[in-house]
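Below: one structure, written as C-alpha cells.
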Amino acid sequence: DDEKDDDDEEEVKDEEENEEDQEDASDPSEGDDEEGQWESESSSSSPENDEEPEASEPLEQEEDEEEDEIMVSSGILFSSFPGKSHNHSATKYVPPQVRRAQETLDDKKREELGRLKKMVNGLINRLSEPNLSSISGQMEELYMANSRKDMNDTLTDILMNACVTAVAMPTRLVMEHVLLVSILHHNVGIEVGAHFLEAVVKKFDELCKSDAEGKECENLLALIAHLYNFHVVHCLLIFDILKKLVSTFTEKEIELILFLLKNVGFSLRKDDALALKELITEAQRKASTAEKKFQDQTRVRFMLETMLALRNNDMRKIPGYDPEPVERLRKLQRTLVRSGASGRDTQLRVSLESLLSADQVGRWWIVGSSWSGAPMISDTNSRTQQKLHLGKVSSKIMELARKQRMNTDIRRSIFCVLMTSEDFMDAFEKLLKLGLKDQQEREIVHVVLYCCLQEKTFNPFYAFLANKFCGYERRFQVTFQFSIWDKIRDLENLSAAAISNLVSLLAHLIRTKSLPLSVLKVIEFSELDKPKVRFLRQVLSTLLIKADAEELTDIFMRVSDNPKLGMLREGLKLFLTHFLLKHAQAQKSAEEASLLKERVEVATKALEAKEPKLKL
C-alpha cells in the first residue's frame, strides 16, 4: 500500500509539472494520458479545444472508492470519473496518430480553400461584359473540379464583399456580377443561385432592421432586382419585399420602393399586373393615412406618380429609366446559357418568409438539399428524434424497394421518387432531374408500369404520370406502348388485380390520346383466348361508358383511315357486336345495355368513316 501511495503522489506531481517524458512512470496509463486525446461523446469538441482530464481529483477519490474506477492497462479506455461527470459524461481516447491525421486534413482543407478563394477572386476581379463568356466557362470548370458547397460559399462571400459596400455601386458592375450568377444558376444547377439569393436576402433583412446609414440596402436590393431580371428568382419574392416595405412606410422604405420599381417595375407589370395593382392601392392607402408623418411630402408624391406611371405603362414619366442595358445583357445571357437550361422551370418561386426561415424549416426549393450543421430544431433531444424518424422512413422505403425487386441503383432511385412524391407533377419534375439517358430513361416507364400493376386497387397517380411523360416526349410514348404490349402478351401470368389496373391505365391513356387505339393491334383477333377476351372487353367497355360520343368518334376515327390497320378495324367491329354487346345484354341491366348499344353504333360508324371504298 505504501508503494501504491508513493506511485500516486508521483503521478500527481507529474501531472502538475506537465513533464513531457513519462515513459518511466509507475502507472501504465500516464503516458497515454499525455500522448492521447480525450473527447466527450455528448459534446463534440475540436481537437484543439479538448482538455486532458485532471488526475488529482480521481486519484483522491480512488483511495475511498477504488472499486468505482475502471482501468484498461493498455490505456485505450477509462470510465467517466465521478468527480468529472459535469465535463465528460462518456469520455473516449483518441490516439495521437488519429489526432495528427485530423489536424493534417484540416490544414490541407484550409490551404485548398485559400487557393480556391484566390482563383475565384482573380476571375471576379477581371469580370466584364466582353470576357463574361470565358470567365463563366472557367467558373463552371471550377464547379466541376471542387465541392459545390465550397464553391457556393466562396463565390457568395466574394460577390457580397464586392457589391455590398457603404457607397452606391455602379449599376453596370452589379448587373455583370448578377449575370455571372445567373449563367452558373442555369448551367451548373439551381443551388448556385439559391445559395447566393438566400445570403443576399438575409443580409438585406438584417440591414433593414438595423438603421444603417450607408447604401448597403440599395446595393442588396439591386442584386435582388437583377436576379429577377435575369430569371433566377420569380416575381413572388419581389412582391413580398415591396409589401414589407409598404407596410413599414418610412422615408427609408419609400426610397427603397422607388429604387426597386425603377429597376423592375415594368417587368412586374408584365408578369403579374393584378398583384402590382393591389400593391399600388395599398401604397396609396398608406400614403393618405401617413400625410402628417412626413415633413417632406415630395418623395411620397413622386413614389405615387411612379406607381401610376407603371400602372398606365407610361415609361416617359419615370426619370432615368433605361431598359436597354438589361435587354443587351439578356441577349448575352441567351447565348451563354446552354439549350435546355434556359426554361422558366429554373426560376426559384420562393417567398421572402421561406428564405428567412430556411435554417429552421429547410430549403424545399432545392432538390435533395441537406443541412450542414444547421439544426432544424434547437432542442438536442428533439433533433435526435427527428433524425431517427427521417432515417426510419428512408430505410422503410429502401426495404420496400428491395421487396419489389428494384435490383439496380437507377430503379431504386426511380422507385424512391415515386414513393416520396407529393403528386404526379412533383414526381415528373424529380424524375426529369435524375438526368437519365437512353436505356436508363426507359427504366422510368418500366418502374411506373410495374408499380401501377402492383397496387391492390387502381391508383390514378400512375395514369396521370404516364400521361405527362407521353405528352412530354414521343420516345416515352413509344416505350409505354411496347411495355403495355409485353403485358398484354403475358396476360395469363398476371393476377386479377394487375389486369384490372392495366385495363384502367390503358383506358385512361387512350381516352387522353396519350396512346392511340392502334395499341390494341398486338392482339390477334383470330386467336383470342379467355384472358384476352376478358381484357379487351373490359378496356372497350370502360372506353364506351366513360367517354362521351364526341370523344369516342375521335378515338375510333384515328384508326379508320390507315390501310395497314384494316385487320384491327374488322376485328374491333366483330368484337364490339359479337362479344361485347351479347355479353352486356346477358350480364348487365337493360339501361346499361341500351347505353352500350348506342356507343357501339357510334364507334362502328367512326371506324367506317374513312375506310377506303372498294372501286369496281
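The values are calculated or read from the model by the stated rules, or taken from the named source; none is laboratory data. Fair warning: this is a prediction, and the values are worked out from it, not measured in the lab. Heads up, the Cβs are rebuilt from the backbone with ideal geometry, glycines too, and the neighbour counts pull from every protein chain shown. SASA here: full protein model, heavy atoms, side chains in, ligands and nucleic acids out. Shrake-Rupley method; radii C 1.70, N 1.55, O 1.52, S 1.80 Å.
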Report summary line: Among (1) of a type in the set (S, T, N, Q); (2) modelled with pLDDT under 90; (3) exposed (fewer than 14 other Cβ atoms within 10 Å of the Cβ), Gln440 falls short only on (3)
Query raised in the report: With Arg115, Arg110, Arg126 as the choices, which residue is basic (Lys, Arg), closer than 23 Å to His195 by Cα and touching a helix residue (DSSP H, G or I) at 6+ places or on another chain (Cβ under 8 Å)?
Result: Arg126
Query raised in the report: Are there any pairs, at least 6 apart or on different chains, whose C-beta atoms fall under 7 Å, with the first in the stretch 179-201 and under 12 Å from Trp365 (Cα atoms) and open to solvent by 10 Å² or more (accessible area, probe 1.4 Å) and the second in a helix (DSSP H, G or I) and not small (Gly, Ala, Ser), and if so, which?
Result: Ile190/Thr346; Glu191/Arg148; Glu191/Asn152; His195/Asn152; His195/Thr156; Glu198/Leu355
Report summary line: For the stretch 395-424, pairs from a residue that is closer than 18 Å to Glu443 by Cα to a residue that is open to solvent by 70 Å² or more (accessible area, probe 1.4 Å) and part of a helix (DSSP H, G or I), with Cβ under 6 Å and 6 or more apart or across chains, are Ile410/Gln440; Phe424/Phe464
Query raised in the report: On the given criteria, is Gly391 part of a loop (DSSP other than H, G, I, E, B) and modelled with pLDDT under 80?
Result: no
Query raised in the report: Any idea which residue in the stretch 131-155 is farthest from Ile190 (Cα to Cα), counting only those that are in contact (Cβ under 8 Å) with a residue 60 or more places away in the chain and open to solvent by less than 40 Å² (accessible area, probe 1.4 Å)?
Result: Leu132
Query raised in the report: Between a first residue in the stretch 451-465 that is in contact (Cβ under 8 Å) with a residue 40 or more places away in the chain and among the aliphatic types (A, V, I, L, M) and a second residue that is open to solvent by 60 Å² or more (accessible area, probe 1.4 Å) and part of a helix (DSSP H, G or I), which pairs have beta carbons less than 7 Å apart while being 6 or more apart in sequence or on different chains?
Result: Leu465/Phe424
Report summary line: Restricting attention to the stretch 318-369, the residues that are closer than 18 Å to Val188 by Cα, in a loop (DSSP other than H, G, I, E, B) and either modelled with pLDDT of 85 or more or of a type in the set (Gly, Ala, Ser) (or both) number exactly 8
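Residue-by-condition table, conditions (1) surrounded by fewer than 21 Cβ atoms within 10 Å (Cβ to Cβ); (2) at pLDDT 90 or above; (3) in a helix (DSSP H, G or I); (4) among the aromatic types (Phe, Trp, Tyr):
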| residue | (1), (2), (3), (4) |
| --- | --- |
| Arg475 | yes, no, yes, no |
| Ile484 | no, yes, yes, no |
| Leu502 | no, yes, yes, no |
| Leu506 | no, yes, yes, no |
| Lys513 | yes, no, no, no |
| Val533 | yes, no, yes, no |
Requested in this report: Look at Leu449 and say whether it is closer than 17 Å to Val478 by Cα and open to solvent by less than 30 Å² (accessible area, probe 1.4 Å).
Outcome: yes
Requested in this report: Could you list all residues from the stretch 535-557 that are surrounded by fewer than 17 Cβ atoms within 10 Å (Cβ to Cβ) and either hydrophobic (A, V, I, L, M, F, W, C) or touching a Pro at 6+ places or on another chain (Cβ under 7 Å) (or both)?
Outcome: Ile545, Ala549
Query - Inter-residue pairs, beta-carbon under 6 Å, first loosely packed, with under 15 Cβ neighbours inside 10 Å and in the stretch 308-337, second not hydrophobic (A, V, I, L, M, F, W, C), 6+ apart - result: Met315/Tyr321
